[in-house]
Amino acid sequence: MEMKTNESLLIEQFDKQIGLIASESGSSGTNRRRQAIKAFADAGFPGKKSESYKYTPVTKWVNSHFKNSSLRIQTTTKSAFEHIDGIHLRTANGQLISTAPEGYGEGLTISSLVEASSSNSDVIGQYLSTAVVLERDPFSALATAFAEDGVFIHVHSGVDLKSPIVIHHDALFENGFVQPRILIVAEKGSKVEIVEHFSHVEAGSSFENRVVEVFVAEEAEVDHVAVIERDSAALFVNGLFVHQAEKSKFRTNTITLGGGLVRNNLNFLPDAEECETHLHGLYVAKGKMHIDNHTLVDHAKPNCFSNEMFKGIVTDEATGVFNGKVLVRQDAQKTNAYQSSKSIVLDRNAQIYAKPELEIYADDVKCSHGATTGELDEDALFYLRTRGIKPEAAKLMLLEAFARDVVDLIDIDGVQEYLYRRLHEILTVSA
Amino acid sequence: MSDNSTELLHKVADSEYKYGFYTDIESDKAKIGLNEETVRFISAKKNEPEWLLEWRLKAYNHFVSLMESEKTPEWAHLTIPKIDLQGISYYSAPKQRPEYESLNEVDPELLNTFKRLGIPVQEQERLVGIVVDVVMDSVSVTTTFNAELDKNGIIFCSFGEAVQKHPDLVKKYLGRVVPYTDNYYAALNSAVFSDGSFCYIPKGVRCPVELSTYFRINESGTGQFERTLIIADEGSYVSYLEGCTAPQRDENQLHAAVVEILAMDDAEVKYSTIQNWYPGNAEGVGGIFNFVTKRGICEGDRSKISWTQLETGSSITWKYPSCILKGDHSVGEFYSVAFTKGRQQADTGTKMIHLGKNTSSTIISKGISAGNSQNAYRGLVRVNRNAENARNFSQCDSMLLGDRCGAHTYPYLEISNPSAKVEHEATTSKVGEDQIFYCKQRGISEIDAIKLIVNGFCKEILAQLPMEFAVEARNLLAIELEGSVG
């Protein structure tokens, strides 16, 4: 079905498919979707006046023509992370197409969300769509309203998955509009690493609007990496909502190297004491790319720690945006929260917008943020030149070193090596 | 923190406003309400030329369009109650308006007011170096040291006088930096501004004295709409001081001032403010709404504009003294201490707009919040495409003196030139228990320790103030901290 992503048409479509009026027989899931479409209807797509989309105009993008499709098309693309020793999953149009791999042992459930809603109805009922804050972002609300299926990963209590779960988000329907959903539940004391790769697929002006919800139970540890390399005509909105229970650890690394307009909405709620949250991110924007990292760490409970580091390189006519907010609520005493954003501008037609915010309502806290923007360090360049290194090579060396600070925090060798190689390729042209 | 110090901080936060009293001077008021007639009344009252009335009316029409489309600024981290603009009298001038030769001729009641405020009007003859152009409500009452200024060709007078005596200068520069379309409150000010100060420093003149204006809100229910215009011609220098305090009122008073500064080639303007308007009672009732637009443009090459402010008063502060760095090698500075307690709300900061080549800016902001107050820094650093080699350093530190207050930082960095170097850092913390412990160990009482630590926290800013002001600022801060304890 060809459609315009115009607000009223979307709402109409929702009414046809699900019905805007609540019925008594409706499940709690359906009701949540109704709340979501209402939140979307109230907000609409963010316009010029929206403070959180101040630097990221989406109107032109969302008004293009997309095809709504959740077809599970087959794909033969080779995946960059195929050689990594782990549990491999594959999606097309945001839907799981590979059957759950065999031999991954006990203590792990992987399935599509539709399947899980019957086989794991209690877990789905407890968690699905409860971490997403509908009022925070209209895109997340929209995705919640329309999400029909997606990926469900459930790591059982006490299970330590030694090898990572690698999700290849490969094929996209041409000019497709997809709103996939992922639910990750890591039960008490479990440990899991999840790597997501959005490979370059030429699907025209595709629009992916996804929501990932992660629940990290007591003492559990989740390590997450997302590598985004979509096509320059693609609109990619990435909503991540993380809920953390006592003494849990969550770490994410969001690497954006491709896409026309990429908006990463990363939300963290350490909702109990002694949580640890690490958010790292890197983006390289060239051509006319527009990459926006929007993060919120909502410290609701005392004695938590968060550390945020984002780095960006922009060149050509590209735009980089960083808007990070650390919110410390009144009861979140003894919070330690750090945030840093560093960016390099390589071209006079490129732009960087940074808005690192602190909003603090508790007094016994240590919070800081720092943001820098500039070109490459002249002294460092000069030093390398005195060692006989050509200017281009010296520049490349410094840019790679700058970017590797983030990549080095990923502890899966295969991912690290791949990113080293890709950064070298991308930056060689820029340097 | 120990109970002792908690109790102390509560006392500090609960301390009553020291300067709350009301001077009984008859005034000449405009009819309550805002309409075209009000604008015409003010303009006629001030005997203004046609072009200025037209400008005011344009501003008024623009303001009406903003008001009708309800375009009040809502982006700040402030809860602003609805202001009844029709319930305000837009003009009030003291009825007795003689020109004084010496202070002896001034209404003794007025002198008494200043005495109680501790404003050194009477000391002026001794304190050579300060010229005070006292603004009581909206009209200038006294100007001194004119002779000294005249000798150098410096013009320093009330805005109304400047309109009469130097209409060309006013016409040329009014609205150049802050056009009436700039924002909601600037539009309102442009339509109904009553008076203010005007200052022109001619080419190559270094103003021998520090120019100073004390603003006061006096008449109950009168909005204060000051307009200040400072022009520093090529190679000149001026240091301008502004300080204010207001009597206790139960009714909210709106203060929407506009300050415009122009600095030509090699000129330097230093603008210092101590703001101590009535902050409202413990429940936050009756304080001043301070919605100010202050902006300077470094028009010429190698020019410099420096803003220093100590903000301790007002129930709501909405204020962003800014610099447009247009000239090559121009410099902008912003130094600020904002102290909030009780139910005060402050959203203050700056904008540094880099347009010229080799421009640099420094922002140092210290926020201290106590009681139930909310204190936010909001600042923009913008480097335009052609602003080669721009340099900015920003530091925004916040200190919390209580667990029911808030400290927020909202910096905006917009960079469109690769040669720019922009650095921003911010920290938030409370007074360290270890620091207090160390002081107490050395026999320093807890209140003195807190004063010492807060003073150290703000030292960088207070050091920027001219001598007389620095002393006043330090005392004010100490009083604010001490409250009823001291």
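Looking only at region A:331-361, how many residues end up being of a type in the set (A, V, I, L, M, F, W, C), free of Cβ contacts under 8 Å to residues at least 60 places away in the same chain and more than 24 Å from A:Glu51 (Cβ to Cβ)?
So in region A:331-361, the residues of a type in the set (A, V, I, L, M, F, W, C) come out as A:332, A:337, A:344-346, A:350, A:352, A:354, A:358, A:360.
Among the residues that remain, those that are also free of Cβ contacts under 8 Å to residues at least 60 places away in the same chain are: A:332, A:337, A:344-345, A:352, A:354, A:358, A:360.
So of that shortlist, the ones also more than 24 Å from A:Glu51 (Cβ to Cβ) come out as A:344.
The qualifying residues number 1.
In this structure, is A:Lys366 within 13 Å of chain B (Cβ to nearest Cβ), of a type in the set (D, E, K, R), within 24 Å of A:Val297 (Cβ to Cβ) and surrounded by fewer than 22 Cβ atoms within 10 Å (Cβ to Cβ)? Walk me through how you get there before you give the answer.
Values: within 13 Å of chain B (Cβ to nearest Cβ): yes; of a type in the set (D, E, K, R): yes; within 24 Å of A:Val297 (Cβ to Cβ): yes; surrounded by fewer than 22 Cβ atoms within 10 Å (Cβ to Cβ): yes.
Yes; evaluated as a whole, the condition is true for this residue.
Out of B:Ser398, B:Ser394, B:Ser361, B:Ser369, I need the residue that is more than 10 Å from chain A (Cβ to nearest Cβ), crowded, with 23+ Cβ neighbours inside 10 Å and either small (Gly, Ala, Ser) or closer than 18 Å to A:Lys325 by Cα (or both). Which one? Steps first, please.
Details: B:Ser398 fails: more than 10 Å from chain A (Cβ to nearest Cβ); B:Ser394 fails: more than 10 Å from chain A (Cβ to nearest Cβ); B:Ser369 fails: more than 10 Å from chain A (Cβ to nearest Cβ).
Exactly one of B:Ser398, B:Ser394, B:Ser361, B:Ser369 is more than 10 Å from chain A (Cβ to nearest Cβ), crowded, with 23+ Cβ neighbours inside 10 Å and either small (Gly, Ala, Ser) or closer than 18 Å to A:Lys325 by Cα (or both), namely B:Ser361.
A quick yes/no check of all residues on (1) buried (at least 24 other Cβ atoms within 10 Å of the Cβ); (2) farther than 21 Å from A:Met309 by Cα; (3) not hydrophobic (A, V, I, L, M, F, W, C):
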{"residue": "A:Glu208", "(1), (2), (3)": "yes, yes, yes"}
{"residue": "A:Ala220", "(1), (2), (3)": "yes, yes, no"}
{"residue": "A:Leu240", "(1), (2), (3)": "yes, no, no"}
{"residue": "A:Glu246", "(1), (2), (3)": "no, yes, yes"}
{"residue": "A:Thr254", "(1), (2), (3)": "yes, no, yes"}
{"residue": "A:Gly260", "(1), (2), (3)": "no, yes, yes"}
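Against the conditions (1) within 8 Å of chain B (Cβ to nearest Cβ); (2) out of contact with any Cys (no Cβ under 6 Å at 6 or more places or on another chain); (3) without any contact (Cβ under 8 Å) to a residue 40 or more places away in the chain; (4) aliphatic (A, V, I, L, M), where does A:Ala380 fall short? Just the number, please.
Tallying (1) within 8 Å of chain B (Cβ to nearest Cβ); (2) out of contact with any Cys (no Cβ under 6 Å at 6 or more places or on another chain); (3) without any contact (Cβ under 8 Å) to a residue 40 or more places away in the chain; (4) aliphatic (A, V, I, L, M), A:Ala380 fails exactly one: (1).
Can you tell me how many residues in region B:435-449 are out of contact with any Cys (no Cβ under 9 Å at 6 or more places or on another chain) and in a helix (DSSP H, G or I)? Outline the logic, then answer.
Residues of region B:435-449 that are out of contact with any Cys (no Cβ under 9 Å at 6 or more places or on another chain), as a first pass: B:435-444, B:447.
Filter once more, keeping what is in a helix (DSSP H, G or I): B:435-441, B:447.
Number satisfying all stated conditions: 8.
At pLDDT below 85 and either more than 26 Å from the chain's Cα centre (by Cα) or among the hydroxyl-bearing types (Ser, Thr, Tyr) (or both): which single residue out of B:Tyr60, B:Tyr91 fits that description?
Details: B:Tyr60 fails: at pLDDT below 85.
Only one candidate passes the filter, namely B:Tyr91.
State whether the residues of region A:331-342 include one that is of a type in the set (A, V, I, L, M, F, W, C), in contact with a Phe, Trp or Tyr (Cβ under 7 Å, 6 or more places away or on another chain) and within 11 Å of chain B (Cβ to nearest Cβ).
To start, the set of residues in region A:331-342 that are of a type in the set (A, V, I, L, M, F, W, C) comprises A:332, A:337.
Filter once more, so that each one left must be in contact with a Phe, Trp or Tyr (Cβ under 7 Å, 6 or more places away or on another chain): none.
Scanning region A:331-342, I find no residue that is of a type in the set (A, V, I, L, M, F, W, C), in contact with a Phe, Trp or Tyr (Cβ under 7 Å, 6 or more places away or on another chain) and within 11 Å of chain B (Cβ to nearest Cβ), so the answer is no.
Of all the strands (runs of 3 or more DSSP E) wholly in region B:263-321, which have at least 3 residues that are among the aliphatic types (A, V, I, L, M)? Spell out the reasoning first.
Working: elements: B:268-276, B:288-298, B:304-311, B:316-319.
Here the list reads B:288-298.
Which residue, of A:Val406, A:Val415, is more than 30 Å from A:Lys301 (Cα to Cα) and assigned to a helix (DSSP H, G or I)? Let's see the steps before the verdict.
Numbers: A:Val406 fails: more than 30 Å from A:Lys301 (Cα to Cα).
Every option except A:Val415 fails the conditions.
Any residue in region A:253-261 that is over 25 Å from A:Asp149 (Cα atoms), of a type outside the set (Gly, Ala, Ser) and not in a strand (DSSP E or B)?
No, every residue in region A:253-261 fails to be over 25 Å from A:Asp149 (Cα atoms), of a type outside the set (Gly, Ala, Ser) and not in a strand (DSSP E or B).
Residue check, A:Val406 against (1) farther than 30 Å from A:Glu276 by Cβ; (2) of a type outside the set (Ser, Thr, Tyr); (3) away from every other protein chain (no Cβ under 13 Å); (4) touching a residue at least 24 places away in the same chain (Cβ under 8 Å), all met but one. Which one?
Of the numbered conditions (1) farther than 30 Å from A:Glu276 by Cβ; (2) of a type outside the set (Ser, Thr, Tyr); (3) away from every other protein chain (no Cβ under 13 Å); (4) touching a residue at least 24 places away in the same chain (Cβ under 8 Å), the odd one out for A:Val406 is (1).
The values are calculated or read from the model by the stated rules, or taken from the named source; none is laboratory data. Keep in mind the model is a prediction, meaning the values are calculated, not measured. With ideal geometry, Cβ positions are generated from the backbone for all residues, glycine too; neighbour counts draw on all protein chains shown.
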